[in-house]
Amino acid sequence: MEARAELKFIRISPRKVKIVLDLIRNKNCYEAMAILKHTPKSASEPLLKLLKSAMANAENNHDMDISSCYVASCHCGAGVTLKRIRPKDHGRAHRIFKRTSHVTLVLKEAESK
């Protein structure tokens, strides 16, 4: 049994989100929540909301025991890129790429021994 939550079009580069996702992969839900609360990265706040959403989905939709759930998989992909122009010297223009991300987080219940 697995519960999942998705976050789309988050205005943070996928490269920056993947750094934080690597910290919580294969961790217990409550341990992952503590890590996200104390990590000083911009991606931590939206990922904390995503984790809480996945936990709520597990509890309410799939009748899973939250205390035995862990982050089974989490991955981030590139979303649409907003293209902007920055004026430069001699009338030139340079492109600015404002990247977005799509994040998926999957929770599974740990096997009881």
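What to note about this one:
- Test: residue in the stretch 86-100 that is within 27 Å of ASP22 (Cβ to Cβ) and either in contact with an Asp or Glu (Cβ under 9 Å, 6 or more places away or on another chain) or open to solvent by 90 Å² or more (accessible area, probe 1.4 Å) (or both): yes
- Cross-chain or 6+ apart pairs with Cβ under 9 Å, the stretch 65-91 first and over 21 Å from THR104 (Cβ atoms), then open to solvent by less than 60 Å² (accessible area, probe 1.4 Å) and among the basic types (Lys, Arg): none
Okay, residues lined up against (1) among the hydrophobic types (A, V, I, L, M, F, W, C); (2) more than 23 Å from GLU6 (Cβ to Cβ):
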| residue | (1), (2) |
| --- | --- |
| LEU47 | yes, no |
| LEU50 | yes, no |
| ALA93 | yes, yes |
| VAL106 | yes, no |
| GLU111 | no, yes |
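- Flag for SER42 being open to solvent by 30 Å² or more (accessible area, probe 1.4 Å), among the small types (Gly, Ala, Ser) and part of a loop (DSSP other than H, G, I, E, B): yes
- Residues that are part of a strand (DSSP E or B) and either open to solvent by 100 Å² or more (accessible area, probe 1.4 Å) or out of contact with any Phe, Trp or Tyr (no Cβ under 8 Å at 6 or more places or on another chain) (or both), drawn from the stretch 6-39: GLU6, LEU7, LYS8, PHE9, ILE10
- Of everything listed in (1) surrounded by 17 or more Cβ atoms within 10 Å (Cβ to Cβ); (2) modelled with pLDDT of 95 or more, the single unmet condition for ALA3 is (2).
- A Cβ distance below 6 Å, combined with a sequence gap of six or more or placement on separate chains, defines the contacts here; from the stretch 29-50, residues that are under 18 Å from LYS108 (Cβ atoms) reach no residue that is open to solvent by 100 Å² or more (accessible area, probe 1.4 Å).
- GLU109 being open to solvent by 50 Å² or more (accessible area, probe 1.4 Å) and free of Cβ contacts under 8 Å to residues at least 12 places away in the same chain: no
- Test: residue in the stretch 46-69 that is part of a strand (DSSP E or B), surrounded by 14 or more Cβ atoms within 10 Å (Cβ to Cβ) and at pLDDT below 95: yes
The values are calculated or read from the model by the stated rules, or taken from the named source; none is laboratory data. On a predicted model such as this, the values are computed, not experimentally measured, just so you know. Positions of Cβ are generated from backbone atoms using ideal geometry, with glycine treated the same way; all protein chains shown enter the neighbour counts. In case anyone asks, the SASA skips ligands and DNA or RNA and just uses the protein heavy atoms, side chains included. Shrake-Rupley method; radii C 1.70, N 1.55, O 1.52, S 1.80 Å.
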